[in-house]
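Data block below; observations after.
The values are calculated or read from the model by the stated rules, or taken from the named source; none is laboratory data. Keep in mind that what you see is a predicted model, and the values were worked out from it rather than measured. Counting neighbours? That spans all protein chains shown, and the Cβs are built from the backbone with ideal geometry, glycine included. With ligands, DNA and RNA removed, areas are computed over all heavy atoms of the protein, side chains included. Shrake-Rupley method; radii C 1.70, N 1.55, O 1.52, S 1.80 Å.
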Amino acid sequence: MVDTTRLTRAVDHFADRLRAAPQSRLQRSAAAEALALAREFARRAQVLEEPGAQPREMPDAGMFAAADQVTVAVHDLALVLTDEGEVEEAVRLVEEAQKRAGV
């Protein structure tokens, strides 16, 4: 089993920053960045869990749910990651999305 602590901490930090962000920041780009990241992590988890199956897209539950969506998606992904390289790549994606989101 691979240690995903760094990944879950990174996404928890991002989610906390999203929850503390003003509505105007969420509307500008932060919520969209979080949703895009959540969708990518959900897709990756589904591909690993069900190879060959068509991944389902995570729905847009609104800007105020984006923090929860990215948290759930990364925790699902963390359960199926198999090596440190995958964890490091996921951490990098979280850090890049947080930077783009400006939170």
### Query
Hull surface divided by four, with the convex hull built on the Cα atoms of segment 51-103: how many nm²?
4.6 nm²
### Message
Full-extension gain between D16 and L48, please, as 0.36 nm times their residue separation minus the C-alpha to C-alpha distance.
### Response
8.8 nm
### Task
Could you check the simple spin-label distance between A61 and Q27, using points 7 Å along Cα→Cβ, in nm with one decimal?
2.3 nm
### Query
Percent relative contact order of the chain, based on C-alpha pairs within less than 8 angstrom and at least six residues apart?
47 percent
### Summary
A45 neighbourhood, Cβ < 14 Å, K/R = +1, D/E = -1, net charge -3
### Carbon + sulfur, % of accessible area of the chain - ligands and nucleic acids excluded, 1.4 Å
51 percent
### Task
Find, among the trypsin sites (Lys or Arg not before Pro) in segment 1-101, those assigned to loop by DSSP (not H, G, I, E, B) with at most 14 other beta-carbon atoms within 10 angstrom.
R56
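Of all GluC sites (Glu not before Pro) in segment 12-103, which ones are in loop regions per DSSP and have a Cβ with at most 11 other Cβ atoms within 10 Å?
Within segment 12-103, the qualifying GluC sites (Glu not before Pro) (loop, at most 11 other Cβ atoms within 10 Å) are E57.
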### Message
Could you tell me the ratio Rg/Rh of the chain? Both radii from Cα atoms, Rh via Kirkwood.
### Response
0.97
